[in-house]
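Chemist: Please see the structure below; I have some questions.
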Amino acid sequence: MGLSLEGKTCLVTGGSRGIGRAIAIKLAELGADVAITYARSAEAANEVKAEIEAKGRKAKAIQADAVDFGEAEKVINEIVTDWDKIDVLVNNAGIAKDNLILRMSEEQWDDVITTNLKSIFNYSKASARPMMKNRGGSIINISSVVGISGNAGQSNYSASKAGIIGFTKSYAKELASRNIRANVIAPGYITTDMTGSLDEKVLEGIKEATPLGRAGNPDEIANAVAFLASDMSSYITGETIRVDGGMAM
Ligand code: NDP
């Protein structure tokens, strides 16, 4: 059995930029039809859609705020109506609003928790019935190494990412009997817009703390997601795979 996603229908939340974009394109390269959602970047999202279509796959770029449960239901309904089923859900949309706890506002806390954690509930719940009807599915939730190790200045982000790991294990236990698998990818430091504003000194510190001695790139996350999306990982559920150059070992 090779790593093929031929015939599979996938959704990647936050697929307009960064890691989500790389995941969407990788899944299409391996043969899947792929829908992405985005919050604001319509132009970037449409470029990803065009890139997927250029590979001979079906694509959708749908504007949908990940924190809104009703919008999540609409997105899943559109995919199931137009493409008959959903096989793979990648919960990738996320934000960071870093601050030390003494300075963190309630708004910074709420924004990060709802965008990063409630969104996982929204899309996982909305896709559960269609996946049950389809007699299986794979959900891949994008957490972070700081959800495992914690990080000063990221209590909101770390809490949301640790919450994703607990959510995923519970979901995996609830739906394993329906052949629905749920797993987590925990990236380390990956070069994207999210990390683009970190200053040189912080970046050097991160590299020093990474045994492989460099930042990762979005494609390296996409490769791990593709494995979990495929039938090559058919006996893996409730697992968290770090893709972090060894940072959190
Ligand atoms: P980017 O900031 O580059 O991209 C974020 C993506 O999420 C964009 O597509 C954005 O859409 C979308 N998004 C943000 N908020 C919402 C929302 N409310 N509704 C719908 N879509 C939304 O981030 P990365 O690619 O770096 O990160 C992707 C995921 O990986 C996140 O969950 C992040 O926490 C995680 N991660 C990243 C790491 C890194 O080092 N980069 C490390 C560990 C984890 P739009 O373009 O419209 O704004």
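The values are calculated or read from the model by the stated rules, or taken from the named source; none is laboratory data. Just so you know, these numbers come straight off a predicted model, no measurement behind them. Every residue, glycine as well, gets a Cβ built from its backbone with ideal geometry; the counts of neighbours run over all protein chains shown. What goes into the accessible areas is simple: the full protein's heavy atoms, side chains included, and nothing from ligands, DNA or RNA. Shrake-Rupley method; radii C 1.70, N 1.55, O 1.52, S 1.80 Å.
Chemist: Mind checking the angle between helix 42-54 and the chain's longest principal axis? C-alpha axes, 0 to 90 degrees, to the nearest 10.
Modeler: For helix 42-54, the angle is close to 50 degrees.
Chemist: Under a cut-off of 20 Å between alpha-carbon atoms, report the aspartates and glutamates in cross-link reach of K169, not counting same-chain residues fewer than 8 places apart.
Modeler: Answer for K169, where 20 Å is the Cα cut-off: D87, D231, E239, listed by chain and number.
Chemist: Quick one: if the Förster radius is 30 Å, what FRET efficiency do K133 and S4 give, using the C-beta to C-beta distance and rounding to 0.05?
Modeler: 0.85
Chemist: Same structure again: Based on the Cβ-Cβ distance from S197 to I236, what FRET efficiency comes out when R0 is 25 Å, to the nearest 0.05?
Modeler: Given R0 = 25 Å and the Cβ-Cβ separation, E is 0.10.
Chemist: From the phi of every residue in the stretch 140-145, what ³J(HN,Hα) in whole Hz does the Karplus formula 6.51 cos²θ - 1.76 cosθ + 1.60 yield, where θ is phi - 60° and glycine or proline is x?
Modeler: So the Karplus estimates, Gly and Pro as x, are 10, 9, 8, 9, 6, 4 Hz.
Chemist: Report in % the part of the accessible area of the chain that belongs to carbon and sulfur, leaving out ligands and nucleic acids; probe 1.4 Å.
Modeler: So the carbon and sulfur contribution to the accessible surface is 50 percent.
Chemist: Along its three principal axes, how long is the stretch 36-125 when you only count alpha carbons? Whole Å, largest extent first please.
Modeler: Sorted largest first, the three principal extents are 51, 27, 17 Å.
Chemist: Now for a separate question. Give me the Å³ per residue figure for the convex hull around the C-alpha atoms of the stretch 108-209.
Modeler: 108
Chemist: Measuring from the lowest to the highest alpha carbon on each principal axis, how far does the stretch 141-196 reach, largest first, in angstroms?
Modeler: 41, 21, 13
Chemist: While we're here: In whole Å, what are the Cα extents of the stretch 1-52 along the three principal axes, biggest one first?
Modeler: Result for the stretch 1-52: principal-axis Cα extents of 39, 17, 13 Å.
Chemist: On to the next question. Taking a 25 Å limit on the Cα-Cα distance, which of the listed pairs K58/K161; K60/K85; K8/K74; K118/K173; K74/K97 fall beyond it?
Modeler: Violating the 25 Å Cα-Cα cut-off are K58/K161; K74/K97.
Chemist: Taking Cα pairs under 8 Å and at least six residues apart, what relative contact order does the chain come out at, in percent?
Modeler: Averaging sequence separation for qualifying contacts and normalising by length gives 20 percent for the chain.
Chemist: Excluding residues fewer than 8 places away in the same chain, name every one of the aspartates and glutamates whose C-alpha is closer than 17 Å to that of K201.
Modeler: List returned: D98.
Chemist: Taking the mean number of other Cβ atoms within 10 Å as a proxy for protection, how do you rank 11-19, 57-65, 183-191, 140-148 from highest to lowest?
Modeler: The packing order, highest mean first, is 11-19, 140-148, 183-191, 57-65.
Chemist: Using the Cβ atoms and a cut-off under 15 Å, what net charge is assigned to the surroundings of I140, where Lys and Arg are +1 and Asp and Glu are -1?
Modeler: Neighbourhood net charge equals +2.
Chemist: From zero outward in steps of 10 Å, how is the percent of C-alpha pairs of the chain spread across the bins?
Modeler: All Cα pairs considered, the percentages come to 8, 33, 38, 17, 3, 0.
Chemist: Between beta-carbons, use under 12 Å as the cut-off and find the net charge around A45, counting Lys and Arg +1, Asp and Glu -1.
Modeler: In short, +2.
Chemist: If you count only protein heavy atoms with a 1.4 Å probe, what accessible area per residue comes out for the chain, rounded to a whole Å²?
Modeler: The answer is 48 Å² per residue.
Chemist: Once you place label points 7 Å from the Cα toward the Cβ at K74 and L100, how far apart are they in nm?
Modeler: 4.3
Chemist: K55 to K85: extension gain in nm, 0.36 nm per residue of separation minus the Cα-Cα distance?
Modeler: Result for the pair: 8.7 nm of gain on full extension.
Chemist: How many angstrom lie between the C-alpha centres of the stretch 52-71 and the stretch 80-151?
Modeler: The stretch 52-71 and the stretch 80-151 have Cα centres separated by 15 Å.
Chemist: Amide H of V12: which non-local residues (sequence gap of 5 or more, or other chain) have their own amide H closer than 5 Å, using H built in the peptide plane?
Modeler: Those lying under 5 Å, H to H, from V12 are A35, I36, T37, V90.
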